[in-house]
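The values are calculated or read from the model by the stated rules, or taken from the named source; none is laboratory data. Quick caveat, the model's predicted, so the values are computed rather than measured. Glycine gets a Cβ as well: all are built from the backbone with ideal geometry, and neighbour counts include every protein chain shown.
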Amino acid sequence: MSTPFFYLPPDAWGSAVFLDGQEAKHMSQVLRLAPGHTVALLDGRGRTGVFCVRALEKKGVRLEMQSETFAPEPKARAVVALAFSKAVRRGFFLEKAVELGAHGIWLWQGDHSQGRLSPDAAFSCQGQLIAGAKQCRNPWLPEVRVFSGGVSELIAHCSAADHRILPWEHQSDIPLLTPDMAGQNGLTVYVIGPEGGFSQRELSALGAANFCVVSLGARILRCETAATLCLGLHWWSSQLPGKPDARPEVRP
């Protein structure tokens, strides 16, 4: 049986820790781990540790660190700016975003968004992101931001990005998103529109902000599919030979 993983907030990390809430309940009541059992914790900021259960208490579990590792942040960092839409299967996308190493998830209010973006949307994403991280053993959790001010607020936060990419449907004379464009060094922001598509106002604003317009192929993709495809291409491309996070060479 593999070592079970649990999430511990970064500010609670240490050599002796106290795990509470749902994580502690799962450890003690579902898995029924007793003192002496070994578990793994991650803090979502690159740290992973092996801990020994020392005591089960009414409000949580006390653990003692046995070893600790740190995974550096990738050099090719991807942010998906996903327009809010009630139709988007966010649970699916959030888990895939963690698996594919997203640096950030920015939810923004589009002109054609279905419904209004809630201010607490970032908090509501946390549980699914943690579940995804524990499943795939990714020690880095994406940072979630909420931009209810629409495309202008989104563009303002993209000013520091090294690469700005705009996948746009219904276009035949624009280049496909290729491995050369994806997975580049630095911060890349991929802007995905809502189910209703971008408005002309948004397209004009994004064009004026020097976003690179690309195609994802001949078919019209759902929002979460387009976002996941961009992350997949970015993650895969970043590990190719010569790219920022290239895998070590495997010799026969």
Condition check: of a type in the set (A, V, I, L, M, F, W, C), assigned to a loop (DSSP other than H, G, I, E, B) and either surrounded by 15 or more Cβ atoms within 10 Å (Cβ to Cβ) or at pLDDT 95 or above (or both). Does LEU231 satisfy that? no
A careful count of residues in the range 193-207 that are at pLDDT 95 or above and aliphatic (A, V, I, L, M) gives 2
Please give the number of the condition ALA227 fails out of (1) over 21 Å from HIS112 (Cα atoms); (2) in the same structural domain as ASP173 (by TED's automatic domain parsing); (3) among the aliphatic types (A, V, I, L, M). (1)
Within the range 130-148, the residues that are among the hydrophobic types (A, V, I, L, M, F, W, C), in contact with a Leu (Cβ under 6 Å, 6 or more places away or on another chain) and within 22 Å of GLU68 (Cβ to Cβ) are ALA133, LEU141
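Working carefully through the options ARG45, ARG62, find the one that is surrounded by 13 or more Cβ atoms within 10 Å (Cβ to Cβ), basic (Lys, Arg) and more than 23 Å from VAL98 (Cα to Cα). Walk me through how you get there before you give the answer.
Working: ARG45 fails: more than 23 Å from VAL98 (Cα to Cα).
It is ARG62.
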Scanning the range 52-63 for residues that are touching a residue at least 24 places away in the same chain (Cβ under 8 Å) and touching a Ser or Thr at 6+ places or on another chain (Cβ under 7 Å), which turns out farthest from GLU143 (Cα to Cα)? LEU56
Sort out which residues of the range 7-33 are surrounded by 12 or more Cβ atoms within 10 Å (Cβ to Cβ), aliphatic (A, V, I, L, M) and outside any helix (DSSP H, G or I), and write them in order of number. LEU8, VAL17, LEU19, LEU31, LEU33
Any residue in the range 222-247 that's under 16 Å from VAL80 (Cα atoms): show its pairings with residues that are among the polar types (S, T, N, Q) at Cβ separation under 7 Å, as long as the two are six or more apart or on different chains. CYS223/SER85; HIS234/THR188
Would you confirm whether any residue within the range 173-183 is surrounded by 13 or more Cβ atoms within 10 Å (Cβ to Cβ), outside any loop (DSSP other than H, G, I, E, B), of a type in the set (Val, Ile, Thr) and in contact (Cβ under 8 Å) with a residue 24 or more places away in the chain? no
